[in-house]
Amino acid sequence: MELTQTKYKQTEVGLIPEDWTLESIEDFASITTGGSDTQDRVDDGAYPFYVRSNTIERINKYSFDGEAILTSGDGVGVGKIFHYVTGKFDYHQRVYNIFNYRKNVDGKYLFFQFSTNFYDKVMSMTAKSSVDSVRREMIADMKIPLPPTLTEQKAIATALSDVDDLIANLDKLISKKKAIKQGAMQQLFTEKKKWERKTIKEFGFDISDGNYSAKYPKSSEFKSSGVPFIRANNIKKMTVVGDDMRYISEELHSELKKGHLKKGDILITNR
């Protein structure tokens, strides 16, 4: 159907086609956690072992065989770590498994919807300034827009998979160019034997960290505009990006004694 001919309706997740439905995950899927801990992993294990990070460990047993979506319940990547898995595997006791989809729900389509929107869902349901855990009800209550047919869901999932493949190939090309650049720089530095080497400390640069703990802004203090408050996830590929940028007021900015940037400063993430 042509997009110009499609009628839309307003929902709590935004505009969706009129013939789509909006359903909670618990209405069409099962949700459970794993039963293994990191001490159960084996370096050369026979099966994948999904823990609370992007790293996939190995283990010599499996507790699940089929199609599933996994997400971390806590850890550094809480609300950001997702895996679409098929086959035999095991998973950590603080990793959630979404499986047993109703027959008219495509798992890959669900994965894209879930992984794209879940972190914002987690942030909206916590009063903390930094999220440290995911509760089952956060997943169970999450609303997913569902096209009426599996054919449409699969077509959307295929298109998004193609985009992911394109991005992955571009990332490889960027990494290759960075390696070439680094090699050229190393050769340049090697040839300049008379250059003087100094530590950062010897240059007399100021080195400081930003605002954290009690000084970290509360969720209610973040604004849609104002002074940018740069977090670790705003620094990607050696530059500051505006994706998911948060802002604070001029008043709060003036109250914070640390983290005031000047032109030419260098930012390094520590996590």
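The values are calculated or read from the model by the stated rules, or taken from the named source; none is laboratory data. Not measured: the values here are computed from a predicted model. Because the Cβ atoms are built from the backbone with ideal geometry, glycine has one as well, and the counts that use them run over all protein chains shown. Side chains are part of the model used for accessible areas, which takes the heavy atoms of the whole protein and leaves out ligands, DNA and RNA. Shrake-Rupley method; radii C 1.70, N 1.55, O 1.52, S 1.80 Å.
A compact table of results
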read-out: From 59, 98, residue being over 16 Å from residue 40 (Cβ atoms), among the aliphatic types (A, V, I, L, M), modelled with pLDDT of 95 or more and surrounded by 15 or more Cβ atoms within 10 Å (Cβ to Cβ); value: 98
read-out: Residue that is farthest from the chain's Cα centre (by Cα) [pool: residues in segment 228-261 that are aliphatic (A, V, I, L, M) and within 20 Å of residue 123 (Cα to Cα)]; value: 248
read-out: Criterion (in contact with a Ser or Thr (Cβ under 7 Å, 6 or more places away or on another chain) and either open to solvent by less than 70 Å² (accessible area, probe 1.4 Å) or not polar (S, T, N, Q) (or both)) met by exactly one of 17, 48; value: 17
read-out: Residue match in segment 1-11 (condition: touching a residue at least 12 places away in the same chain (Cβ under 8 Å) and not polar (S, T, N, Q)); value: no
read-out: Near pairs, Cβ below 7 angstrom, 6+ apart or cross-chain, from segment 127-148 (within 14 Å of residue 28 (Cα to Cα) and assigned to a helix (DSSP H, G or I)) to any residue that is open to solvent by less than 70 Å² (accessible area, probe 1.4 Å) and at pLDDT 90 or above; value: 139/25; 139/31; 139/96; 139/98; 140/24; 140/25; 140/31
read-out: Residue check for residue 84: under 19 Å from the mean Cα position of the chain (by Cα), closer than 25 Å to residue 156 by Cβ and surrounded by 19 or more Cβ atoms within 10 Å (Cβ to Cβ); value: no
read-out: Residue within segment 62-76 that is in contact with a strand residue (DSSP E or B) (Cβ under 9 Å, 6 or more places away or on another chain), more than 30 Å from residue 149 (Cα to Cα) and open to solvent by 50 Å² or more (accessible area, probe 1.4 Å) present; value: yes
read-out: Some residue of segment 227-244 being surrounded by 10 or more Cβ atoms within 10 Å (Cβ to Cβ), closer than 25 Å to residue 116 by Cβ, among the small types (Gly, Ala, Ser) and in contact with a helix residue (DSSP H, G or I) (Cβ under 9 Å, 6 or more places away or on another chain); value: no
read-out: Qualifying residue in segment 32-40 (condition: surrounded by 18 or more Cβ atoms within 10 Å (Cβ to Cβ) and touching a helix residue (DSSP H, G or I) at 6+ places or on another chain (Cβ under 8 Å)); value: no
read-out: Yes/no for residue 118 being closer than 30 Å to residue 6 by Cβ and open to solvent by 20 Å² or more (accessible area, probe 1.4 Å); value: no
